[in-house]
Each structure stands twice: as C-alpha cells, then as structure tokens.
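What follows is one structure encoded as structure tokens, with my remarks underneath.
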Amino acid sequence: MADGNSANGKTRSRFTRRALLAGAGGGVLAAPVLAQRLIGDGMIDLGLPGGPSERPLTPRFPGKGEMIVHRVRPPVLETPMAVFDHGTITPNDRFFVRWNWDMPTQINAAAHRVAVGGAVRQPVSLTLDDVANAGDHVDVVAINQCAGNGRGFSQPRVTGGQWGNGAMGCARWTGVRLKDVLAKAGVADGAARVRFAGLDVPMVDGAPQFIKSIPIDIAMRDDVLVAWGMNGEPLPLLHGYPLRIVVPGWFSTYWVKMLSTIEVLTGDDDSYYVAKTYRVPTAPVTPQDKGFETVPVSVMPPRSFITSHADGAIIALGQPLELRGIAMGGDAALARVDLVGAGLELPCKLGPDEGTYGFRRWTLRIPEVTGDLAQIGVRATNANGITQPAEQAWNPSGYARNVIERINLRAQ
Amino acid sequence: MKHWAIILAVLLAGCDSRPDVVFVNAAITLPDDPAELPPGPGLQAVVENCTACHSPSTMLQQPQVPRAKWESMVSKMIETYKAPVDEQAIPEIVDYFVAVQAAQVANPGGA
C-alpha cells in the first residue's frame, strides 16, 4: 500500500497519542483538533507528499465502521486501505462516501418521485414502485471509484478533495435497467445524452446543481442500472437511498445518488459539472500550461494494489513470501497482474472472476526472500491491452490516477 | 408435512426470481463538525464568509499553494458557486490561509 496505512495496533496507538499531545499543546492545526473533538480514537497518515497528511478516523457516521474523515458536512469519507485486504467486495459500512452538495438526511418513500423528461414521447413521474416494476431485476458487481481517487498523491499537489487511494469500493448493485425506466417515457428521436439529478442541491441560489450526463449508447447498455440494492441491502442514505445510477466501468461522478430526475438531451450537455469540471486534458500537460483542450472524465483505467503489506513492512529473510492484493481492469476485464520492481517482473495468480467490472484478488508466492524488495508494485493490464503506467501523467485536477503504486519491504 | 415443504420451496423460488422491493422511510443524523479554525490574521473573515458551506476540515487539509491560487479559489467560490462573500473580505481570507499554511509547514507535528 503506497499510502502506508496500517491496521496494526502500533500504528494506531502512535497516532492516537500524537493526536492527544497535539490537543494538549493548544491545537495549532486542524487535523489534531478534529481528532480531539470529533473522534478521540485515532488518526491515520495518508502519506500525502508535503502534507498535511494526517486525517481523523471515526466510526461515528450512521451505518459506518471506522472511516477516514475528509469532510464532515456534506460527508466525504475514505475507506482505509486495510479494508481492501479482506475481500473483493467492500462492505457497505466501510464503503467511501462523497457528496458535492448538502445531502438530505431523510427520505419519504411514498412521496419520492423520479421525473423522466426531456426528449421523450411522454414525460412521466414515477413512484419508487413504478421504478422497481419497470423491468427485470438485475445484479451487477461493479467498482465505484471517485474520479479524484488518489488526488492527494499528485505532484505537484493540486487543490480539491485530498484523497488517498481509498475513494473506491466494489459492491453488488441491484436494480432495474436504466433503459427500462427510460421506456416508461419513451426515448424520442435524436436523443444524444441522458442526464441525472438527485436530491442534493446547492445552498445558494444560482450555484450549479450537481447534475451529470452520459451518452445515450452508454445509457442503453444492459448493465447500466437504476439501483436500490447494495450488497443485498437497501442503499444506505449515505450512498444515495432510495435510488442511484450505476454505470459499470465509469467513474463514480456519473453514479448520481438520491435520483430524482432523468432527462434525455438531444445535444451536448453544457451544465457545469460536465462542461466545466470533471474534465481531463486530451494530451499531456504541465502545471504551467493553460487553455488546453479537455474532455469529460469517463471510463476507468486499470489499477492494482498490494494489500497484504504496507509500505515499510518487515519481511522474513530466507523465508517464502506470500503477497496479495486487489486489481481492476477498469472499463474492460482484467487480463493480468504482474509484480514489478528493479530487475523484477513476475506474473501473479488471479482469483475468482466475479464480473468484468469488479475487483479481482491477485496472489504471488516468492519461494525465498533473498533481500529487501525496493520499490515494488503491481501492474494491472486489461483485456483492451491498457496497462498501468510507471509514471503518472499530471493533470490539474488530479483525476484518473492509475500509476503503479510502489512500496518498500525490508528483509531481516 | 413434506407437501408443505415443497409448496414453501416453490413460493421461495418464485420470490427469488423477482423479489419484492419494499421502500420504507429512512432518516439519519449526521455528526456535528466541531473542528475549530486555528487563530490567524483574517480568521473572522473566514468564519463569516466561508464556514456556512465549508467544514474547517476541508479548508485546512488542502496542500500548501501560492497566494495566487487561494485568490483564484475565492474568486471561483464567488463567481461559479455564487457564494455571498464580502468583496472587502477577500484579502483577509487569502491572508488567513497563506498564514495558516505557512504555520503548518513550519510546524508539521501540530503541537
């Protein structure tokens, strides 16, 4: 794990003590103050270059286990990397949370409606039961990952949510196909995109609402859902109850939560969060560049992580070493994972395939540790032949990080 | 007895193929955000203009960036996000974050 998170007790108690000392010293910085007041049960170091790098950990959000706190309101919570060592499905109580605007904290199920309008034959206003009865119920295992996952590791650093690598999770989503919901209204000729809005709205008049759209051909895919189930449970409110969009292979920004409006567009989407933000350069840029061409962030590239060992962990000299972790293919199936390092390239064994868009376990047994393993990492390659790069192309918003994440293991 | 078991199994199988979905009312209570902003020049301006929308946590977890970047961030809040920020307060807001970040870098341990 490049971010150095550790589930071991030593790390936890050290940070706890430091937080307490910081509090006793008068609390010059925010993170220790947060820890002292909100939590009192620890801090975690995300290893963000140049800092500030420590964040509070808390189990105090409703329905949540211990999570890394980036923001209290609206909630932005990160999954500790240690969670990903436990399995390829991320439990709901450890799944990352990200809201752009204030989220409602209650839902009246009988009153909730999903308006389907725009370029349709007949606009409709659907109840939750109407949505659930719109078509066959479908399960999809898919990774939900923030476009800014890993932004805190950008060098040079960029502003925005300062995530480590835990703004991702994989769940089994249950719902109906978006195309079946669209059919209730009937898509009109000339449809180009489908836009979604939820119940989270700005606090200030005139500020842009968080609305997002996807191309019509993506919207009509068999695995793009209006979902109400997450890992066999109703969607938790923090994850968008009662309904959210699921777009397997695409970044989370399109998976609109607390879905209330579906709008079919006949042209480009000029709304703020599509036309102005969540965009990436079309060609490599430097921090000095201005005015370059950008496109909306969309499909996810492959990524992989070592979860069995944290950066700096000690391994036994002369003994076998079992390494394991998780990997994803992004918008295509995972094809292979290799452990790479100086003079090292070893194919890893892949675990069960739970679906094209889910995490997959990888394992590797090294028969004998003969010395330190410096700057090792895993490199995922997907079925389209896209492979993780050795160097991260910088972009001004720190989107779509997928560089090979490196750690050092010390033999003794 | 056996017959009942079979009938039950058939009913369950029927449920499996198209499970009923029941939507109920739901509510949660979010924790308070008690984080305090550390003292610094312009603290009052930040409290009055920024904290309605931003947790202190988010503002203080940003990486150290130059003054010009803080100025552009405040402008973005006003122009794009329509934040009702007092124009007179902008230099004080920027002063505050530049000073707090300098203190963070000088004293990364926090104590």
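Read the figures in this text as sums done on the coordinates, not as results from a lab. Because the structure is a prediction, the values reported are computed rather than measured. Every residue, glycine among them, receives a Cβ derived from its backbone with ideal geometry; neighbour counts consider all protein chains shown.
Some notes on this structure:
- Ordering A:Gly318, A:Val369, A:Ala380 by Cα displacement along the dipole of segment A:303-411 toward the positive end leaves A:Ala380 in first place; charges were set at the Cβ atoms of Lys, Arg (+1) and Asp, Glu (-1).
- Comparing A:Val181, A:His239, A:Ala171 along the charge dipole axis of segment A:155-246, the residue lying farthest to the positive side is A:Ala171, per the Cβ-charge model.
- Folded to 0 to 90 degrees: helix A:9-24 orientation relative to chain A principal axis, Cα: 80 degrees
- Under 5 Å, built H, 5+ apart or other chain: amide partners of A:Gly161: none
- Residue mean of other protein chain beta carbons inside 10 Å, B:59-68: 6
- The modelled label-to-label distance for the pair A:Leu346/A:Ser308, using points 7 Å beyond Cα in the direction of Cβ, is 0.9 nm.
- Per-residue Karplus couplings for segment A:263-274, computed as 6.51 cos²θ - 1.76 cosθ + 1.60 with θ equal to phi - 60°, are listed in order as 10, 8, 9, 9, x, 5, 9, 9, 6, 3, 7, 10 Hz, Gly and Pro entered as x.
- Across chain A, the longest run free of exposed loop sites, meaning GluC sites (Glu not before Pro) lying outside DSSP classes H, G, I, E and B with no more than 10 other Cβ atoms within 10 Å, spans A:1-292.
- Cα gyration tensor, chain A - rounded (a/c under 1.5), prolate or oblate: prolate
- Tensor-based shape of segment B:43-111 (alpha-carbon gyration tensor, a/c under 1.5 rounded, otherwise prolate or oblate): prolate
- Sorted by Cβ neighbour density within 10 Å, fewest at the top, the residues A:His137, A:His239: A:His137, A:His239
- Shielding score for A:64-75, defined as the mean number of other chain Cβ atoms within 10 Å: 4
- Under Karplus coefficients 6.51, -1.76 and 1.60, residue-wise ³J(HN,Hα) of segment A:170-176 in Hz, glycine/proline x: 10, 9, 8, 9, 10, x, 10
- For segment A:75-86, 3J(HN,Hα) per residue [Karplus equation, 6.51 cos²θ - 1.76 cosθ + 1.60, θ = phi - 60°, Hz, x = Gly/Pro]: x, 9, 10, 10, 7, x, 4, 4, 4, 6, 7, 7
- Extending 7 Å from the Cα toward the beta-carbon at both B:Ala52 and B:Ala106 defines two label points whose distance is 3.3 nm.
- Which of B:Tyr96, B:Tyr81 has the fewest Cβ neighbours within 10 Å, and the rest in rising order: B:Tyr81, B:Tyr96
- Projecting the Cα positions of A:Ala327, B:Gln104, A:Gly249 onto the charge dipole of the protein assembly as shown (unit charges on Cβ atoms of Lys, Arg, Asp and Glu, taken about the Cα centre) puts A:Ala327 furthest along the positive direction.
- Separation of the A:Arg113 and B:Asp32 label points, Cα + 7 Å toward Cβ, nm: 3.8 nm
- Between the amide H of A:His309 and those of A:Arg324, distances stay under 5 Å, these residues lying 5 or more places away or on another chain, with hydrogens modeled in the peptide plane.
- Chain A: most fluctuating residue of A:Gly51, A:Gly330, A:Gly150 per GNM, C-alpha cutoff 10 Å: A:Gly51
- Relative contact order (%) - segment A:303-411, alpha-carbon pairs under 8 angstrom, separation at least six: 35 percent
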